[in-house]
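Asker: For reference, the structure I am asking about is given below.
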Amino acid sequence: FKLILVAGARPNFIKIAPLMHALQNHPAIHAILVHTGQHYDEKMSDLFFRQLNIPQPDINLEVGSASHAVQTARIMEGFEQVCLKVKPDMVLVVGDVNSTVACTLVASKMGIKTAHYEAGLRSRDRSMPEEINRLVTDSISDYFYTTSIDADENLLKEGVDASTIHMVGNLMIDTLAKNLPNINSSALTLNLINKDRSIAWGTDFTKDNFGVMTFHRPSNVDDRQQLLTLVKIWGKIAAHMPLLFPIHPRTYKNIQLFGLQEEVDKIAQLYLVESLGYFEFISLVRNARFVLTDSGGIQEETTYLNIPCLTVRPNTERPVTIWEGSNKLIRIEDIEDEIMLILKGQGKKGKAPKFWDGHTATRIVQLIEKIAGKTAYAVQH
Ligand code: UD1
């Protein structure tokens, strides 16, 4: 049974790692890893493969950066050739990035069964490119692997057959649970971007005495005025506590493009570092007083680690992190007040949702084994 797994962007690599490990040397399922090349930097891609011990991709489409249409089209062209050559029995996609939707569209039109891990999440905000990717992917997938009960309900409301929906838990948490024991914060030294110096654990920041921040959503960083407003708020927060900012390439490029570097440099305790590896990033988060973000996956990681997370977005596709976890959705104008609450010891705490337990990859592989068994039967008879 030939199974293609697709990964394209940084959060995909974290999700695909436990699946690749669970499928290595599987007697009946031959896993083929396709990297679309949507993320291609050493820091955004290779480092994650090395740290998470993901086997080298069997195929890399090397599509690189481009507009949404061009990037999606390039992935589709490349992936069609892959499917023609490999003739997979099934394609498994993860998450909500352009690679997810592009490969699902190709496979489903070729009559290949497709499974979507992280199906059913909905922000109900179609101005987010990821929401379009989620809607399209789920409207044509055959099997739906979900991370939480709200996703099951969303799919059922959209008319998906209940027998194809499986709540499996969270692959990102598989990766987190497995690696946590090996993540050692005390040795952390981080090089500051554009500066000839570094900051170090134990001197510049220590447990509970710093915040971690990430911003990369187009709605927050692609508009100059919006980004400038954020920079001013970072200044206010950093006046209270060191603020570590591993910066996404999109955000860094926009700071340059909008001429905001000088404004950023004025803020004494704001530390810009290049986007970090998985170990470095998680070791920061688990020791931070708070996380301020607009990411998707980080809402889940902070929930598992029970670190107060402030998500600067009007909505989230991961509401379970709010009902059960340590996440809170906030408006830009409330950032400072919310941080002050946390510094007064009133940060939100929670617990990990059902099946966020480190065994999600095993559950998914068991489901695929059943599908593979049925296919073998269909071929024989
Ligand atoms: C993508 C995903 C988003 C995910 C994020 C995580 C889509 C629509 N968006 O957004 O859901 O949260 O990844 O990182 O798929 N760039 C580099 N090096 C790289 C990759 C990108 O410098 O290795 C630059 C590109 O030049 C581009 C920008 O970063 O201008 C954005 O990259 P892109 O893949 O288009 O989207 P992300 O913002 O990373």
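Asker: Could you go through segment 157-174 in sequence order and give the Karplus-derived ³J(HN,Hα) for each residue, using 6.51 cos²θ - 1.76 cosθ + 1.60 with θ = phi - 60°, rounded to whole Hz, and x for Gly and Pro?
Answerer: 4, 7, x, 6, 5, 4, 6, 9, 9, 9, 7, 10, x, 10, 5, 4, 6, 4
Asker: Quick one: net charge of P181's neighbours, Cβ under 15 Å, K/R +1, D/E -1?
Answerer: Result for the neighbourhood of P181: +1.
Asker: Still on this structure, I have one more. For segment 305-321, in order, what is each residue's ³J(HN,Hα) by Karplus, 6.51 cos²θ - 1.76 cosθ + 1.60 with θ = phi - 60°, in whole Hz (x at glycine and Pro)?
Answerer: With coefficients 6.51, -1.76 and 1.60, one gets 7, 6, 9, x, 10, 10, 9, 8, 8, x, 7, 9, 7, 10, x, 4, 5 Hz.
Asker: Taking amide H atoms as placed 1.01 Å from N in the peptide plane, list the residues 5 or more away in sequence, or in a different chain, whose amide H sits under 5 Å from that of G296.
Answerer: It is none; the list stays empty.
Asker: I'd like to know how segment 167-245 sits against the 2.2 N^0.38 Å rule of thumb: what's its Cα Rg over that expected value?
Answerer: 1.41
Asker: Provide the percentage of antiparallel DSSP beta bridges, counting only those with both residues in segment 185-343; round to the nearest 5.
Answerer: Rounded to the nearest five, the antiparallel share is 20 percent.
Asker: Around K113, which amide H atoms from residues at least 5 apart in sequence, or from another chain, sit under 5 Å from its own amide H, with H modelled in the peptide plane?
Answerer: Hits under the 5 Å cutoff: V91.
Asker: Within segment 185-343, how many lysine pairs that are 8 or more places apart, or on different chains, have C-alpha atoms less than 20 Å apart?
Answerer: Step by step, the pairs that qualify in segment 185-343 add up to 7.
Asker: Amide H to amide H, which residues 5 or more places from I32 or on other chains are under 5 Å from it, using H placed in the peptide plane?
Answerer: Under 5 Å from the amide H of I32: L3, I4, L5.
Asker: Whole number please: convex hull volume per residue, Cα atoms of the chain, in Å³.
Answerer: Dividing the Cα hull volume of the chain by its residue count gives 131 Å³.
Asker: Please sort 152-164, 10-22 by packing, taking for each peptide the average over its residues of neighbouring beta carbons within 10 angstrom, highest first.
Answerer: Taking the mean over residues of other Cβ atoms within 10 Å, the ranking is 10-22, 152-164.
Asker: Pairs K2/K157; K157/K348; K109/K354; K87/K178; K43/K370; K178/K351: which are spaced more than 27 Å apart, C-alpha to C-alpha?
Answerer: Pairs exceeding the cut-off: K2/K157; K157/K348; K109/K354; K87/K178; K43/K370.
Asker: Now, a different point. What area, in nm² and to one decimal, does the C-alpha convex hull of segment 123-273 cast on average over all directions?
Answerer: Mean orientational projected area (segment 123-273, Cα hull): 11.8 nm².
Asker: I'd like to know how segment 119-181 sits against the 2.2 N^0.38 Å rule of thumb: what's its Cα Rg over that expected value?
Answerer: Taking N as the residue count of segment 119-181, the ratio is 1.23.
Asker: Along Cα→Cβ, 7 Å out, is where each label goes; now give me the distance between the ones at L84 and A376 in nm to one decimal.
Answerer: With each label point 7 Å from Cα toward Cβ, the separation is 3.1 nm.
Asker: Where does segment 234-358 land on Rg/Rh, using Cα atoms and the Kirkwood Rh?
Answerer: Checking Rg against Rh, the ratio lands at 0.97.
Read-outs: derived from the displayed coordinates by stated rules, not from any lab. Note that the structure is a prediction, hence the values are computed from the model and not measured. Backbone-built Cβ (ideal geometry, glycine too); neighbour counts: all protein chains shown.
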